[in-house]
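Before any comments, here is the structure.
Each value in this text was obtained by applying a stated rule to the coordinates, not by laboratory testing. Since the model is a prediction, treat every value here as computed from it, not as a measurement. A quick note on method: Cβ atoms are made from the backbone with ideal geometry, for glycine too, and the neighbour counts reach across all protein chains shown.
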Amino acid sequence: MNRHLARTSAPLTQLALLLGLLAGLPIAQAGPKTVCTITINSADEKESLQRHLPPGDYRFVELVQRGKPDWLAAACSSQVKCDSLVISGHFDDGTEFYTDSFDKREFLTMHELQRASCSPSCSGVFSQLKDVYLFGCNTLKTQPRHEAGAEVLRSLTRDGRAGSDAQRLADLLSQRYGQSNRDRLRHVFKDVPLLYGFQANAPLGRVAGPMMDRYLQTAPAGEVGSGRRSATLLGLFGPVSMVAEAGVNDSDPHTGFRHDMCSLADDTPSAAHKLAFLHAFLQRDITDVRMFLDHLERYLGSLDPAQRSLPEVTAALATIARDHGARQRFLAFARDADAAPVQARMLALAHSLGWLTPAQEQEEFVQMVANRMAKGSLTAAEVDLVCTARPGHENTRGAGLAPQLRASGTARASNLSHAAALACLGDEQGHQSTVRALTSSLDENVALAQIYLRHRPLADVDQLRALTADIGRMTAGAAQVRALETVARLRLNDRQSLQEIAGLFPLLRSLPAQRAVAGILIRADHSLLARADLARVLRQHRLKSNDGGDVIDVLIRILQAA
């Protein structure tokens, strides 16, 4: 802020009060504006505001309480009313504001923001906001997170829509449910006149702080917290992708989405009331249900066993389970989904709703994998899905899935993605084939083995020894480096295997390969190795690095200190 304006603002306020008194007018003296700050990462932007805004005109309230995971709830219950809100934190993928600092653990998820915005218990923080400063990458990015895919178009066509009409409706669904970062934050900050944020990468705090200094040195008095768009601020930050938006209001064409979101996010209604809304939503067009899937999943996942056992909740869930029409539409769409992760999520949701028994969910899951095998389209990402999302992963229910998949007749022994999927389901033959693939010369085979071993680390010592010996016989190159990096994640603690790997180091003529070996040894139990001899071999045979100190140097220092 201009220092002259800062010095004269208090006398001008006093003069206005005096003139009002002389005129016999009622005076409502305005208190200082409240700037609320949520400092997840750097405090540079907040500190700049504190330096320049006059204490008599502004007061600052930091909402984050270090070490207290429920700090947002505490801020809501304090009934603080914010005129401005400044959020500083990384926001790259749009799911949460987070920090890259090792000494901080605080974060703020989008779901927490949605719940706070929708709930009367947090009305104070949001009710009188005039402007919000979102200092994080991609906070107002316009790219949709969800788009109506081909299965949505097929569903609309099956319902009798013509090609052009189906496409128009799909586009409308993408607009309503696309949930770009910009749209989600506009829904969070409903009726707020002004949101500042970034369409792409935002400057780091150490850069943004001085830029805020330059803005505040010339900003008109009272601009912060006024809801007035600042051409000066946008002029300074515009070249680094800053834009300004307004929160949604009741005239926004997609404000209905906020109502739907809040019907599940609001902490006021009972679980039975929310399940009644959820049931009504499931009776809408199935394309709406698909586009709203993540909100339905989140709410059902939040119901713990104690809540599910409540009589009114049990009754509400039973009502949904008996809705055969909604079940039929939902499962028909799920079976037609193009993306396996979407299909798996919908099957899991159907189980949660009582529409599939555990055995039925397993059968649907196996059929999904078998269909993709038959089409020759089982990808590495889908193998990863089989390893992570297979039904019954937590207990014995999944024990029979591999035989079921083999019985489908679609699995081919010559196809490594098929073998890896079977291995993820406990098939021994698939396991042997996939582990051997780690030492393959084909990149795609090594990638599949990496996926499998990430989820199913080797525990058998003989297999570990055979694997490390095979890696030693590989031709030097990128495949060998990837195989070594995979073994590093297994955290070897077998003396013979470690000696085999250590013996590779002087033979390697690739710096990435030497670093990969060092990455294995640095994670290992060093007492299993001749540390002095190994340190000597590393010093003698290490290839020079232009990067200076790296993992090899760190390992040498550790071995020497021991």
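How large is the Rg to Rh ratio of region 428-472 when both quantities use alpha carbon positions and Rh follows Kirkwood?
Numbers: Rg = 9.8 Å, Rh = 10.6 Å.
Ratio of gyration radius to Kirkwood radius for region 428-472: 0.93.
Pull out a ≥ b ≥ c, the square roots of the eigenvalues of the alpha-carbon gyration tensor of region 271-330, then state rounded if a/c is under 1.5, prolate if not and a/b is larger than b/c, and oblate in the remaining case.
Values: a/c = 2.34, a/b = 1.47, b/c = 1.60.
Oblate is the answer for region 271-330, as a/c is 1.5 or above yet b/c matches or exceeds a/b.
If every alpha-carbon in region 517-562 counts as one equal scatterer, what log10 I(q)/I(0) does Debye give at q = 0.18, 0.23, 0.26, 0.34 1/Å?
Values returned for q = 0.18, 0.23, 0.26, 0.34 Å⁻¹ are -0.48, -0.78, -0.98, -1.49.
How large, in Å, is region 304-448 by the Kirkwood hydrodynamic radius built from its alpha-carbon pairs? Can you show the working numbers first?
Working: mean 1/r = 0.0610 Å⁻¹.
Averaging 1/r across every pair of different Cα atoms and inverting gives 16.4 Å.
Volume per residue, Å³, of the convex hull around the alpha-carbon atoms of region 379-538?
Details: hull volume 17.3 nm³, N = 160.
Per residue, the Cα convex hull of region 379-538 comes to 108 Å³.
Rounded to whole Hz and in sequence order, give me ³J(HN,Hα) for region 274-287 from the Karplus expression 6.51 cos²θ - 1.76 cosθ + 1.60, θ = phi - 60°, writing x for Gly and Pro.
Calculated HN-Hα couplings, in order: 5, 5, 5, 4, 4, 4, 4, 5, 5, 8, 6, 4, 4, 5 Hz.
Viscosity 1.002 mPa s, temperature 20 °C: what is the translational diffusion coefficient of the chain from Stokes-Einstein with a Kirkwood Rh over Cα pairs, rounded to a whole number of µm²/s?
Numbers: Rh = 28.2 Å.
Answer from the Stokes-Einstein relation: 76 µm²/s.
Report the gain in length on full extension from N415 to D191: 0.36 nm times residue separation, minus Cα-Cα distance, nm rounded to one decimal. Each step should come with its number before you reach the end.
On the way: separation 224, 0.36 × 224 = 80.64 nm, distance 5.57 nm.
Full extension from N415 to D191 adds 75.1 nm.
So what is the calculated 222 nm ellipticity per residue for the chain, using -39500 (n - 2.57) for each DSSP H run with n of 4 or more, over all residues, to the nearest 500 deg cm²/dmol?
Values: 30 runs with 317 residues, N = 562.
Counting only the DSSP helices, I get -17000 deg cm²/dmol.
Report, for the chain, the % of DSSP beta bridges that are antiparallel, rounded to 5.
30
By the gyration tensor of its Cα atoms, with a ≥ b ≥ c the square roots of the eigenvalues, what is the shape of region 443-538: rounded for a/c under 1.5, prolate for a/b over b/c, or oblate? Walk me through the numbers on the way to the answer.
On the way: a/c = 1.91, a/b = 1.25, b/c = 1.53.
Because a/c hits 1.5 or more and a/b fails to exceed b/c, region 443-538 counts as oblate.
Looking only at region 50-153, where both bridge partners belong to it, what percent of the DSSP beta bridges are antiparallel (to the nearest 5)? Spell out each step's value before the answer.
Values: 3 of 8 bridges.
Among the beta bridges of region 50-153, antiparallel pairing accounts for roughly 40 percent.
Would you mind checking the radius of gyration and Dmax of region 48-188 based on alpha-carbon positions, in Å?
For region 48-188, the Cα radius of gyration and maximum Cα-Cα distance read 19.6, 65 Å.
Given the Cα-Cα distance of D103 and D252 and 0.36 nm per residue of separation, how much length would full extension add, in nm?
Values: separation 149, 0.36 × 149 = 53.64 nm, distance 4.18 nm.
Gain in length upon complete extension: 49.5 nm.
Would you mind counting up the charge near A476? Only other residues with Cβ under 15 Å from its Cβ, with Lys and Arg at +1 and Asp and Glu at -1.
On the way: positive: R473, R482, R509, R515; negative: D443, D470, E485.
Summing Lys/Arg as +1 and Asp/Glu as -1 gives +1.
What angle, in degrees between 0 and 90 and rounded to the nearest 10, separates the Cα long axis of helix 255-265 from the longest principal axis of the Cα atoms of the chain?
That helix lies at roughly 70 degrees to the long axis.
Starting from 0 in steps of 10 Å, tell me what percent of the Cα-Cα pairs of region 32-78 lands in each bin.
Calculated over all Cα pairs of region 32-78, the distribution is 25, 48, 26, 1 percent.
Just want the ordering: I320, I451, from fewest to most Cβ atoms lying within 10 Å of their own Cβ.
On the way: I320 20, I451 23.
The fewest-first ordering by Cβ neighbours comes to I320, I451.
In whole Å, what is the distance between the alpha-carbon centres of region 108-173 and region 79-104?
Spelled out, the Cα-based centre of one part sits 20 Å from the other.
With the Cα gyration tensor of region 96-155 in hand, give its eigenvalues times 5 under a square root as the equivalent ellipsoid semi-axes, listed largest first in whole angstrom. Numbers along the way, then the final one.
Details: eigenvalues 162, 77, 34 Å².
Whole-Å semi-axes of the equivalent ellipsoid: 28, 20, 13.
Which of R557, R372, R258 comes first, and how do the rest follow, when ranked by fewest Cβ neighbours within 10 Å? Before the final figure, lay out the partial values.
Numbers: R557 12, R372 20, R258 23.
If I rank by nearby Cβ atoms, fewest first, I get R557, R372, R258.
Would you mind listing how long region 157-225 runs along its three principal axes, going by Cα atoms, in whole Å with the largest first?
For region 157-225, the Cα spread along each principal axis is 62, 25, 17 Å.
Test of understanding: ordering V289, V461, V369 by Cβ neighbours within 10 Å, fewest first, what list do you get? Can you show the working numbers first?
Details: V289 19, V461 13, V369 29.
Lowest to highest Cβ neighbour count: V461, V289, V369.
Below 8 Å, C-alpha to C-alpha, sequence gap of six or more: please give me the relative contact order for the chain in percent.
Values: 819 pairs, mean separation 49.6, N = 562.
Dividing the mean separation by the residue count of the chain yields 9 percent.
Where the centre of each part is set by its Cα atoms, how far does region 314-379 sit from region 523-562, in angstrom?
Centre-to-centre distance over Cα atoms comes out at 52 Å.
In terms of Cα to Cα distance under 23 Å, which lysines are near enough to K68, apart from those fewer than 8 places away along the same chain?
Hits, sequence-local ones excluded: K46, K81, K104.
Work out from phi, with θ = phi - 60° and the Karplus expression 6.51 cos²θ - 1.76 cosθ + 1.60, the ³J(HN,Hα) of each residue of region 212-224, listed in order in whole Hz, and give x for Gly and Pro.
Values, residue by residue: 5, 4, 5, 5, 6, 5, 10, 5, x, 4, x, 5, 5 Hz.
For region 204-264, build the convex hull from the C-alpha positions and give me its volume per residue in Å³. Intermediate values should be presented prior to the final figure.
On the way: hull volume 8.5 nm³, N = 61.
Dividing the Cα hull volume of region 204-264 by its residues yields 140 Å³.
What aspartates and glutamates does K141 reach when the alpha-carbon gap must be under 15 Å and sequence neighbours fewer than 8 apart in one chain are set aside?
The reachable aspartates and glutamates, counting only those whose Cα sits under 15 Å from K141, are D92, D93, E96, D183, E245.
With the radius of gyration and the Kirkwood radius both derived from the Cα set of region 105-244, what is their ratio Rg to Rh? All intermediate terms of the calculation are to be shown ahead of the outcome.
On the way: Rg = 19.0 Å, Rh = 17.4 Å.
Looking at region 105-244, the ratio lands at 1.09.
Sequence-distant or interchain residues sharing an amide H contact under 5 Å with E96, placed H: which?
Residues meeting the amide H criterion: M110.
Once Lys and Arg get +1 and Asp and Glu get -1 on their Cβ, which of L296, S440, L353 lies farthest toward the positive end of the dipole of the chain?
Value: S440.
Give me the angle, in degrees from 0 to 90, between the Cα long axis of helix 163-177 and the longest principal axis of the Cα atoms of the chain, rounded to the nearest 10.
70
Can you pull out the cysteines in the chain that have no other Cys Cβ under 4.7 Å?
C137
Could you state the angle between the C-alpha long axis of helix 340-352 and the longest principal axis of the C-alpha atoms of the chain, as a value from 0 to 90 degrees rounded to the nearest 10?
Value to nearest ten degrees: 70.
Let's test the formula: R0 of 41 Å, r as the Cβ-Cβ distance of Q360 and S441. What FRET efficiency results, to the nearest 0.05? Please list the in-between numbers first.
Values: r = 42 Å, r/R0 = 1.03.
Efficiency for this residue pair is about 0.45.
So what are region 201-320's ellipsoid semi-axes, whole angstrom, largest first, if each one is the square root of 5 times an eigenvalue of the alpha-carbon gyration tensor?
Details: eigenvalues 400, 53, 40 Å².
Semi-axes (√(5λ), whole Å): 45, 16, 14.
For every other residue with a beta carbon closer than 15 angstrom to the beta carbon of A43, add +1 if it is Lys or Arg and -1 if Asp or Glu, then tell me the sum.
Values: positive: K46, R51, R66, K104, R206; negative: D44, E45, E47, E62, D100, D103, E106, D213.
That sum, taken over residues with Cβ under 15 Å, equals -3.
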